[in-house]
Ligand code: UDP
(Lines give C-alpha, C1' and ligand atoms only; values in the text may rest on other atoms or scores of the structure.)
Protein backbone atom coordinates (compact mmCIF):
# COMPACT_ATOMS: atom_id res chain seq x y z
CA UNK A 1 0.00 0.00 0.00
CA UNK A 2 1.12 3.58 -0.65
CA UNK A 3 0.59 5.60 2.53
CA UNK A 4 0.71 9.39 2.88
CA UNK A 5 1.87 10.44 6.34
CA UNK A 6 1.51 14.10 7.32
CA UNK A 7 3.73 15.19 10.19
CA UNK A 8 6.02 12.29 9.34
CA UNK A 9 9.16 13.99 10.67
CA UNK A 10 7.69 14.40 14.13
CA UNK A 11 8.07 12.24 17.22
CA UNK A 12 5.20 9.84 16.46
CA UNK A 13 5.21 10.40 12.70
CA UNK A 14 8.79 9.27 12.22
CA UNK A 15 8.26 6.08 14.23
CA UNK A 16 5.09 5.42 12.27
CA UNK A 17 6.87 5.91 8.91
CA UNK A 18 9.57 3.45 9.99
CA UNK A 19 6.97 0.89 10.93
CA UNK A 20 5.11 1.23 7.63
CA UNK A 21 8.35 0.85 5.67
CA UNK A 22 9.31 -2.22 7.73
CA UNK A 23 5.97 -3.76 6.75
CA UNK A 24 6.72 -3.27 3.06
CA UNK A 25 4.53 -0.23 2.39
CA UNK A 26 5.54 2.79 0.35
CA UNK A 27 5.50 6.04 2.35
CA UNK A 28 5.04 9.59 1.11
CA UNK A 29 5.96 11.80 4.05
CA UNK A 30 5.17 15.50 4.46
CA UNK A 31 6.24 17.80 7.25
CA UNK A 32 6.75 21.56 7.48
CA UNK A 33 9.48 20.96 10.11
CA UNK A 34 7.91 23.48 12.49
CA UNK A 35 8.24 21.06 15.40
CA UNK A 36 9.37 17.98 13.46
CA UNK A 37 13.01 17.33 12.56
CA UNK A 38 14.48 15.88 9.41
CA UNK A 39 17.06 13.98 11.48
CA UNK A 40 14.17 11.87 12.84
CA UNK A 41 14.03 10.35 9.35
CA UNK A 42 17.75 9.50 9.20
CA UNK A 43 17.12 5.73 9.11
CA UNK A 44 14.80 6.14 6.08
CA UNK A 45 16.90 8.46 3.94
CA UNK A 46 18.24 5.75 1.64
CA UNK A 47 15.04 3.73 1.53
CA UNK A 48 13.64 3.70 -2.04
CA UNK A 49 10.05 3.18 -0.84
CA UNK A 50 10.25 6.34 1.27
CA UNK A 51 10.03 9.95 0.14
CA UNK A 52 10.06 13.15 2.16
CA UNK A 53 8.93 16.60 1.12
CA UNK A 54 8.94 19.71 3.25
CA UNK A 55 5.38 20.97 2.91
CA UNK A 56 2.79 22.68 5.04
CA UNK A 57 -0.34 20.53 4.77
CA UNK A 58 -2.48 23.45 5.96
CA UNK A 59 -1.98 24.95 2.48
CA UNK A 60 -3.66 23.21 -0.49
CA UNK A 61 -1.84 20.07 -1.68
CA UNK A 62 -2.41 16.82 -3.43
CA UNK A 63 -0.56 13.67 -4.42
CA UNK A 64 -0.35 12.12 -7.88
CA UNK A 65 -0.92 8.41 -8.35
CA UNK A 66 -2.62 5.83 -6.20
CA UNK A 67 -2.86 6.24 -2.41
CA UNK A 68 -4.13 3.48 -0.12
CA UNK A 69 -4.16 5.42 3.13
CA UNK A 70 -3.72 8.93 4.49
CA UNK A 71 -2.48 9.24 8.07
CA UNK A 72 -2.87 12.81 9.34
CA UNK A 73 -0.43 13.30 12.18
CA UNK A 74 0.70 16.84 11.43
CA UNK A 75 0.33 19.22 14.38
CA UNK A 76 2.37 20.73 17.17
CA UNK A 77 1.49 18.42 20.07
CA UNK A 78 3.11 19.64 23.27
CA UNK A 79 1.53 22.42 25.33
CA UNK A 80 4.70 24.50 24.95
CA UNK A 81 4.73 24.01 21.17
CA UNK A 82 1.08 24.71 20.55
CA UNK A 83 1.20 27.76 22.82
CA UNK A 84 4.13 29.02 20.74
CA UNK A 85 2.31 28.24 17.46
CA UNK A 86 -1.42 28.54 18.20
CA UNK A 87 -2.53 29.69 14.74
CA UNK A 88 -0.45 26.99 13.02
CA UNK A 89 -2.00 24.43 15.39
CA UNK A 90 -5.54 25.57 14.61
CA UNK A 91 -4.75 25.44 10.89
CA UNK A 92 -3.20 21.96 11.05
CA UNK A 93 -6.31 20.61 12.77
CA UNK A 94 -8.75 22.42 10.48
CA UNK A 95 -7.34 23.18 7.00
CA UNK A 96 -4.76 20.40 7.29
CA UNK A 97 -7.40 17.83 8.15
CA UNK A 98 -9.64 19.11 5.34
CA UNK A 99 -6.91 18.70 2.71
CA UNK A 100 -5.98 15.26 4.00
CA UNK A 101 -9.63 14.14 3.95
CA UNK A 102 -10.14 15.50 0.44
CA UNK A 103 -7.17 13.44 -0.71
CA UNK A 104 -8.50 10.33 1.03
CA UNK A 105 -11.89 10.81 -0.62
CA UNK A 106 -10.40 11.40 -4.09
CA UNK A 107 -8.17 8.32 -3.83
CA UNK A 108 -10.75 6.14 -2.02
CA UNK A 109 -8.09 5.73 0.64
CA UNK A 110 -8.40 4.94 4.32
CA UNK A 111 -8.02 7.93 6.61
CA UNK A 112 -6.38 7.84 10.02
CA UNK A 113 -6.63 10.87 12.28
CA UNK A 114 -4.19 11.33 15.15
CA UNK A 115 -6.55 12.86 17.69
CA UNK A 116 -5.84 13.29 21.35
CA UNK A 117 -6.96 12.73 24.93
CA UNK A 118 -7.10 16.54 25.04
CA UNK A 119 -10.56 16.28 23.45
CA UNK A 120 -11.65 15.27 26.98
CA UNK A 121 -10.21 18.51 28.40
CA UNK A 122 -10.04 18.60 32.21
CA UNK A 123 -12.34 15.59 32.59
CA UNK A 124 -15.08 15.01 35.20
CA UNK A 125 -15.13 11.34 34.23
CA UNK A 126 -12.33 9.00 35.22
CA UNK A 127 -10.93 6.99 33.53
CA UNK A 128 -11.94 8.49 30.20
CA UNK A 129 -14.11 6.34 27.91
CA UNK A 130 -14.68 7.26 24.28
CA UNK A 131 -18.35 8.00 25.04
CA UNK A 132 -17.34 10.91 27.27
CA UNK A 133 -17.80 14.27 25.48
CA UNK A 134 -15.19 16.12 27.46
CA UNK A 135 -14.81 19.41 29.29
CA UNK A 136 -12.80 21.86 27.21
CA UNK A 137 -12.49 25.61 27.70
CA UNK A 138 -13.06 26.87 24.13
CA UNK A 139 -11.29 30.18 24.73
CA UNK A 140 -8.50 28.95 27.01
CA UNK A 141 -4.79 28.63 26.33
CA UNK A 142 -5.07 24.97 25.34
CA UNK A 143 -8.06 25.57 23.07
CA UNK A 144 -5.93 25.99 19.93
CA UNK A 145 -5.00 22.32 20.22
CA UNK A 146 -8.05 20.83 21.92
CA UNK A 147 -10.62 22.52 19.72
CA UNK A 148 -8.61 21.99 16.54
CA UNK A 149 -8.58 18.26 17.26
CA UNK A 150 -12.26 18.28 18.19
CA UNK A 151 -12.99 20.04 14.90
CA UNK A 152 -10.80 17.50 13.09
CA UNK A 153 -12.85 14.67 14.62
CA UNK A 154 -16.09 16.39 13.57
CA UNK A 155 -14.80 16.90 10.03
CA UNK A 156 -13.53 13.34 9.71
CA UNK A 157 -16.80 11.92 11.07
CA UNK A 158 -18.72 14.03 8.55
CA UNK A 159 -16.58 12.76 5.66
CA UNK A 160 -17.29 9.26 6.83
CA UNK A 161 -21.04 9.86 7.11
CA UNK A 162 -21.60 11.85 3.92
CA UNK A 163 -18.74 10.83 1.67
CA UNK A 164 -18.10 7.25 2.77
CA UNK A 165 -14.43 7.85 3.60
CA UNK A 166 -13.12 4.97 5.70
CA UNK A 167 -12.18 7.04 8.74
CA UNK A 168 -10.34 5.88 11.86
CA UNK A 169 -9.79 8.18 14.83
CA UNK A 170 -7.10 7.48 17.41
CA UNK A 171 -7.34 9.45 20.65
CA UNK A 172 -3.74 9.41 21.69
CA UNK A 173 -2.92 9.77 25.39
CA UNK A 174 0.45 10.95 26.75
CA UNK A 175 3.19 9.14 24.88
CA UNK A 176 6.95 9.27 25.41
CA UNK A 177 10.17 7.79 24.14
CA UNK A 178 13.11 8.41 21.81
CA UNK A 179 12.92 11.42 19.42
CA UNK A 180 11.02 13.72 21.73
CA UNK A 181 12.84 17.04 21.82
CA UNK A 182 14.45 17.84 25.16
CA UNK A 183 12.96 21.32 24.89
CA UNK A 184 9.45 20.36 23.75
CA UNK A 185 8.13 21.23 27.20
CA UNK A 186 6.43 17.92 27.91
CA UNK A 187 7.05 16.52 31.32
CA UNK A 188 9.16 13.42 30.57
CA UNK A 189 11.70 14.98 28.19
CA UNK A 190 11.85 18.07 30.41
CA UNK A 191 12.56 16.15 33.63
CA UNK A 192 15.04 13.80 31.95
CA UNK A 193 16.85 16.69 30.30
CA UNK A 194 16.99 18.61 33.59
CA UNK A 195 18.21 15.56 35.52
CA UNK A 196 20.92 14.80 32.96
CA UNK A 197 22.17 18.37 33.34
CA UNK A 198 22.06 18.28 37.14
CA UNK A 199 19.35 20.92 37.19
CA UNK A 200 16.32 21.13 39.48
CA UNK A 201 13.20 19.25 38.38
CA UNK A 202 10.35 21.63 37.59
CA UNK A 203 6.97 20.54 38.90
CA UNK A 204 3.91 22.56 38.00
CA UNK A 205 1.45 22.94 40.85
CA UNK A 206 1.98 20.52 43.75
CA UNK A 207 2.66 17.59 41.41
CA UNK A 208 -0.50 15.76 42.52
CA UNK A 209 -2.00 15.87 39.00
CA UNK A 210 -1.86 12.52 37.23
CA UNK A 211 -1.07 11.30 33.74
CA UNK A 212 -0.76 7.82 32.21
CA UNK A 213 2.28 7.40 30.00
CA UNK A 214 2.47 5.11 26.98
CA UNK A 215 5.79 4.07 25.47
CA UNK A 216 6.10 5.00 21.81
CA UNK A 217 6.47 1.45 20.42
CA UNK A 218 3.16 0.44 22.02
CA UNK A 219 1.41 3.50 20.65
CA UNK A 220 2.72 2.89 17.14
CA UNK A 221 1.52 -0.72 17.29
CA UNK A 222 -1.94 0.59 18.18
CA UNK A 223 -1.99 3.08 15.30
CA UNK A 224 -0.86 0.34 12.97
CA UNK A 225 -3.67 -1.99 14.01
CA UNK A 226 -6.25 0.77 13.66
CA UNK A 227 -5.10 1.56 10.13
CA UNK A 228 -4.96 -2.14 9.20
CA UNK A 229 -8.50 -2.86 10.40
CA UNK A 230 -10.55 -3.89 7.36
CA UNK A 231 -13.62 -1.76 8.09
CA UNK A 232 -15.17 -0.25 11.15
CA UNK A 233 -18.72 -1.13 12.08
CA UNK A 234 -21.54 1.36 12.04
CA UNK A 235 -22.22 4.67 10.36
CA UNK A 236 -19.90 6.56 12.68
CA UNK A 237 -16.33 5.39 13.02
CA UNK A 238 -15.87 5.06 16.73
CA UNK A 239 -12.85 6.89 18.06
CA UNK A 240 -10.42 4.63 19.86
CA UNK A 241 -8.40 5.55 22.94
CA UNK A 242 -4.75 4.56 22.63
CA UNK A 243 -2.66 4.91 25.76
CA UNK A 244 -1.31 3.11 28.77
CA UNK A 245 -3.67 2.99 31.76
CA UNK A 246 -0.71 2.97 34.21
CA UNK A 247 -1.53 6.24 36.03
CA UNK A 248 0.93 8.12 38.23
CA UNK A 249 1.21 11.55 39.80
CA UNK A 250 3.73 13.95 38.32
CA UNK A 251 5.49 13.98 41.71
CA UNK A 252 5.92 10.19 41.56
CA UNK A 253 7.17 10.56 38.00
CA UNK A 254 9.85 13.04 39.14
CA UNK A 255 10.90 10.54 41.81
CA UNK A 256 11.18 7.79 39.18
CA UNK A 257 13.39 10.06 37.07
CA UNK A 258 15.56 10.88 40.09
CA UNK A 259 15.91 7.16 40.91
CA UNK A 260 17.43 6.69 37.43
CA UNK A 261 19.44 9.93 37.45
CA UNK A 262 20.45 10.69 41.07
CA UNK A 263 22.44 13.77 40.03
CA UNK A 264 19.14 15.60 39.45
CA UNK A 265 18.77 18.84 41.38
CA UNK A 266 15.99 19.56 43.89
CA UNK A 267 12.30 19.74 43.05
CA UNK A 268 11.31 23.24 41.97
CA UNK A 269 7.60 24.00 42.25
CA UNK A 270 6.17 26.40 39.67
CA UNK A 271 2.60 27.64 39.13
CA UNK A 272 0.21 25.21 37.47
CA UNK A 273 -0.58 26.35 33.89
CA UNK A 274 -4.20 27.38 33.18
CA UNK A 275 -6.61 24.55 32.34
CA UNK A 276 -4.02 21.86 33.13
CA UNK A 277 -6.05 18.62 33.45
CA UNK A 278 -5.97 17.20 37.00
CA UNK A 279 -6.33 13.54 36.13
CA UNK A 280 -5.98 11.54 32.97
CA UNK A 281 -6.16 7.82 32.34
CA UNK A 282 -7.51 6.02 29.28
CA UNK A 283 -10.15 3.35 29.40
CA UNK A 284 -8.79 1.09 26.66
CA UNK A 285 -11.59 -1.51 26.59
CA UNK A 286 -12.50 -0.52 23.05
CA UNK A 287 -8.93 -0.82 21.76
CA UNK A 288 -8.65 -4.23 23.40
CA UNK A 289 -11.93 -5.45 21.88
CA UNK A 290 -11.63 -3.87 18.42
CA UNK A 291 -7.90 -4.13 17.83
CA UNK A 292 -6.78 -6.83 20.28
CA UNK A 293 -4.31 -4.20 21.44
CA UNK A 294 -2.91 -3.34 24.86
CA UNK A 295 0.38 -1.72 25.79
CA UNK A 296 3.15 -3.98 27.05
CA UNK A 297 5.96 -1.56 28.02
CA UNK A 298 5.68 -0.04 31.49
CA UNK A 299 7.53 2.99 32.83
CA UNK A 300 10.00 0.59 34.51
CA UNK A 301 11.21 -0.33 31.01
CA UNK A 302 10.30 2.71 28.93
CA UNK A 303 11.80 5.36 31.18
CA UNK A 304 15.33 3.86 31.19
CA UNK A 305 15.12 3.48 27.40
CA UNK A 306 14.16 7.13 27.11
CA UNK A 307 16.97 8.20 29.43
CA UNK A 308 19.41 6.20 27.28
CA UNK A 309 18.18 8.05 24.18
CA UNK A 310 18.61 11.47 25.80
CA UNK A 311 22.08 10.52 27.06
CA UNK A 312 23.05 9.53 23.51
CA UNK A 313 21.56 12.73 22.06
CA UNK A 314 23.49 14.83 24.60
CA UNK A 315 26.73 12.97 23.80
CA UNK A 316 26.21 13.48 20.06
CA UNK A 317 25.49 17.22 20.42
N1 UDP B 1 4.57 19.36 33.99
C2 UDP B 1 5.40 19.58 35.07
N3 UDP B 1 6.68 20.03 34.83
C4 UDP B 1 7.16 20.24 33.58
C5 UDP B 1 6.31 20.00 32.47
C6 UDP B 1 5.02 19.57 32.72
O7 UDP B 1 5.02 19.40 36.24
O8 UDP B 1 8.32 20.65 33.45
C9 UDP B 1 3.21 18.86 34.24
C10 UDP B 1 2.10 19.58 33.49
O11 UDP B 1 1.64 20.70 34.22
C12 UDP B 1 1.05 18.49 33.39
C13 UDP B 1 1.86 17.20 33.29
O14 UDP B 1 3.16 17.53 33.79
O15 UDP B 1 0.25 18.44 34.54
C16 UDP B 1 1.99 16.68 31.88
O17 UDP B 1 2.39 17.76 31.06
P18 UDP B 1 2.77 17.56 29.54
O19 UDP B 1 3.14 18.91 29.03
O20 UDP B 1 3.78 16.48 29.40
O21 UDP B 1 1.47 17.03 28.81
P22 UDP B 1 -0.11 17.30 28.95
O23 UDP B 1 -0.65 16.03 29.46
O24 UDP B 1 -0.36 18.41 29.92
O25 UDP B 1 -0.53 17.62 27.59
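The values are calculated or read from the model by the stated rules, or taken from the named source; none is laboratory data. Fair warning: this is a prediction, and the values are worked out from it, not measured in the lab. We place every Cβ from the backbone using ideal geometry, glycine too, and count neighbours over all the protein chains shown.
Some notes on this structure:
- Only one of 277, 295 that is surrounded by 17 or more Cβ atoms within 10 Å (Cβ to Cβ), more than 16 Å from the ligand (Cβ to nearest atom) and not in a helix (DSSP H, G or I): 295
- Residue under evaluation residue 304, criteria (1) within 22 Å of the chain's Cα centre (by Cα); (2) within 15 Å of the ligand (Cβ to nearest atom); (3) within 17 Å of residue 248 (Cβ to Cβ); (4) assigned to a helix (DSSP H, G or I), criterion not met: (2)
- Taking the criterion of being part of a strand (DSSP E or B) and within 16 Å of the ligand (Cβ to nearest atom), the residues of region 79-127 that qualify are 114, 115, 116, 121.
- Summed over region 193-220, residues that are on the phi > 0 side of the Ramachandran plot and either within 11 Å of the ligand (Cβ to nearest atom) or surrounded by 15 or more Cβ atoms within 10 Å (Cβ to Cβ) (or both) total 2.
- Just one of the listed residues (30, 50, 16, 11) is crowded, with 21+ Cβ neighbours inside 10 Å, farther than 28 Å from residue 158 by Cβ and away from the ligand (no atom under 16 Å from the Cβ), and it is 50.
- Unique match (being surrounded by 22 or more Cβ atoms within 10 Å (Cβ to Cβ), modelled with pLDDT of 95 or more and part of a helix (DSSP H, G or I)) among 154, 148: 148
- Every condition in (1) modelled with pLDDT under 95; (2) within 16 Å of the ligand (Cβ to nearest atom); (3) on the phi > 0 side of the Ramachandran plot is met by residue 141 except one, and the failing one is (3).
- Single condition residue 182 does not satisfy, out of (1) crowded, with 22+ Cβ neighbours inside 10 Å; (2) in a loop (DSSP other than H, G, I, E, B); (3) within 12 Å of the ligand (Cβ to nearest atom): (1)
- Residue check, residue 134 within 15 Å of the ligand (Cβ to nearest atom), at pLDDT below 95 and surrounded by fewer than 24 Cβ atoms within 10 Å (Cβ to Cβ): no
- Scanning region 194-211 for residues that are out of contact with any helix residue (DSSP H, G or I) (no Cβ under 9 Å at 6 or more places or on another chain) and farther than 15 Å from residue 257 by Cα yields a total of 0.
- Within region 243-254, residues that are within 9 Å of residue 210 (Cβ to Cβ) reach partners that are part of a loop (DSSP other than H, G, I, E, B) and more than 9 Å from the ligand (Cβ to nearest atom) with beta carbons closer than 7 Å, at six or more positions or on different chains, in the pairs 247/281; 249/208.
- Boolean, residue 290 is closer than 23 Å to residue 160 by Cβ, more than 16 Å from the ligand (Cβ to nearest atom), in a loop (DSSP other than H, G, I, E, B) and modelled with pLDDT under 95: no
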